[in-house]
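**Q** Have a look at this one.
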Amino acid sequence: MTPSPNLTILSDNYAFAPGLTSVWGFAARLRAGGHTLLFDTGSNGRVLVRNAEALGVDLGAAELVIFSHIHWDHIGGMDSVIELNPHATVVVHEGFSKHLVADLRTMCDRVIVVGEEPVELFPGILSTGMLAAEPPEQSLVLDVDGVTAVISGCAHPGIERIVARGEEIIGKPVDWAIGGFHLMYSEMEEIERTIRALQDLGVSRVVPTHCTGNLARAAFQRLYGPGYVEGGVGREITLT
């Protein structure tokens, strides 16, 4: 029997565990269904590597490295990760530069370029497909060992839209919403509307971090109560 899905935040602008470096951006290691993935690489490769080493995370063990979108704070550690793990499969989408994709093909064993349709990466682990936004973005959807979750980088398309897409793909409610929710510039009315939308969709646990913003994080904590889980670099979460 495989262990429950487990997520460790390796790079984040919020702190959680002492002795780690917090810089703007997001990266997380996911273990689910017997597979190991890296979702985004933060803004700084040296920081990502140091944090991973301090947490005992082997970046070279990732079978897949998935990039949510082209912004610097999610692909900044790309070179460092590929140097440590040239045999990983890299997953991008059609919104990435064709020149970057061509370069990646010379540095990695395999590059998957996702279009607008969902793509199953491993059983129960899927890309939402590229969702239109500025910039376009893909997120991860999990349906593994009774756990359903969505992991977003920045949620430029809207976290409620991403969750709805995930539920459409797997045909059931998404329990967990994790990552950057891009509410840092939003007023309380929009924040509360987003929270109500997620609750109406059936999301019972949230880990809002990175670009979610302090005002929104406090609102999630208030309105989700025990369903709110603190994020931040060094946070390890068993998804149950």
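**Q** Only residues that are in contact with a Gly (Cβ under 8 Å, 6 or more places away or on another chain) and closer than 20 Å to residue 147 by Cβ: list them for the range 9-39, please.
**A** 9, 28, 32, 33, 39, listed by residue number.
**Q** Here is a further query. Quickly run through the range 75-131 and pick out the residues that are acidic (Asp, Glu) and within 28 Å of residue 168 (Cα to Cα).
**A** 94, 116, 117, 120
**Q** Determine, yes or no, whether residue 154 is assigned to a loop (DSSP other than H, G, I, E, B), crowded, with 23+ Cβ neighbours inside 10 Å and touching a Cys at 6+ places or on another chain (Cβ under 7 Å).
**A** Judged against the criteria, residue 154 is a match.
**Q** Looking at (1) within 24 Å of residue 192 (Cα to Cα); (2) not in a loop (DSSP other than H, G, I, E, B), find the lone condition where residue 103 falls short.
**A** (1)
**Q** When both residues are 6+ apart or on different chains and their Cβ atoms are under 9 Å apart, which pairs have a first residue that lies in the range 218-240 and is in contact (Cβ under 8 Å) with a residue 24 or more places away in the chain and more than 15 Å from residue 179 (Cα to Cα), and a second that is of a type in the set (A, V, I, L, M, F, W, C) and in a helix (DSSP H, G or I)?
**A** From the range 218-240, the pairs are 219/188; 219/191; 219/195; 223/195; 224/195; 224/198.
**Q** Okay, moving on. Under the condition of being of a type in the set (S, T, N, Q), without any contact (Cβ under 8 Å) to a residue 40 or more places away in the chain and in contact with an Asp or Glu (Cβ under 8 Å, 6 or more places away or on another chain), which residue from the range 1-55 is surrounded by the fewest Cβ atoms within 10 Å (Cβ to Cβ)?
**A** 36
**Q** Something else now. Picking from 38, 7, 100, which residue would you name as being more than 22 Å from residue 157 (Cα to Cα) and under 15 Å from the mean Cα position of the chain (by Cα)?
**A** Within the list 38, 7, 100, the selection yields 7.
**Q** Still on this structure, please answer the following. Residues to consider are 119, 141, 147; find the one that is touching a residue at least 60 places away in the same chain (Cβ under 8 Å), closer than 20 Å to residue 34 by Cα and either touching a helix residue (DSSP H, G or I) at 6+ places or on another chain (Cβ under 6 Å) or surrounded by fewer than 23 Cβ atoms within 10 Å (Cβ to Cβ) (or both).
**A** 147
**Q** Where residues in the range 42-73 are under 17 Å from the mean Cα position of the chain (by Cα) and charged (D, E, K, R), which of them is farthest from residue 155 (Cα to Cα)?
**A** 63
**Q** Just checking, which of 168, 189, 230, 160 is of a type outside the set (Ser, Thr, Tyr) and assigned to a loop (DSSP other than H, G, I, E, B)?
**A** The unique qualifying residue is 230.
**Q** Taking the stated definitions as given, is residue 202 closer than 22 Å to residue 5 by Cα, surrounded by fewer than 24 Cβ atoms within 10 Å (Cβ to Cβ) and out of contact with any helix residue (DSSP H, G or I) (no Cβ under 8 Å at 6 or more places or on another chain)?
**A** For residue 202, the condition - closer than 22 Å to residue 5 by Cα, surrounded by fewer than 24 Cβ atoms within 10 Å (Cβ to Cβ) and out of contact with any helix residue (DSSP H, G or I) (no Cβ under 8 Å at 6 or more places or on another chain) - is not met.
**Q** State the number of residues belonging to the range 182-198 that are closer than 17 Å to residue 230 by Cα and either touching a Leu at 6+ places or on another chain (Cβ under 9 Å) or among the polar types (S, T, N, Q) (or both).
**A** Summing the residues that are closer than 17 Å to residue 230 by Cα and either touching a Leu at 6+ places or on another chain (Cβ under 9 Å) or among the polar types (S, T, N, Q) (or both) in the range 182-198 gives 3.
**Q** If the Cβ limit is 8 Å and pairs must be 6+ apart or interchain, which residue in the range 171-191 that is in contact (Cβ under 8 Å) with a residue 60 or more places away in the chain pairs with which residue that is in a helix (DSSP H, G or I) and surrounded by 12 or more Cβ atoms within 10 Å (Cβ to Cβ)?
**A** Qualifying pairs under 8 Å: 179/210; 180/210; 180/211; 180/212.
**Q** I need every pair where a residue in the range 83-97 that is buried (at least 16 other Cβ atoms within 10 Å of the Cβ) has its Cβ under 9 Å from the Cβ of a residue that is polar (S, T, N, Q) and not in a strand (DSSP E or B), sequence separation at least 6 or different chains.
**A** Note: pairs meeting the criteria are 91/138; 92/138; 93/68; 93/138; 95/138.
Values in this text are rule-based calculations from the coordinates and carry no lab data. Please read all numbers here as calculations on a predicted model, not as lab measurements. Neighbour counts run over all protein chains shown; Cβ positions are idealised from the backbone, glycine included.
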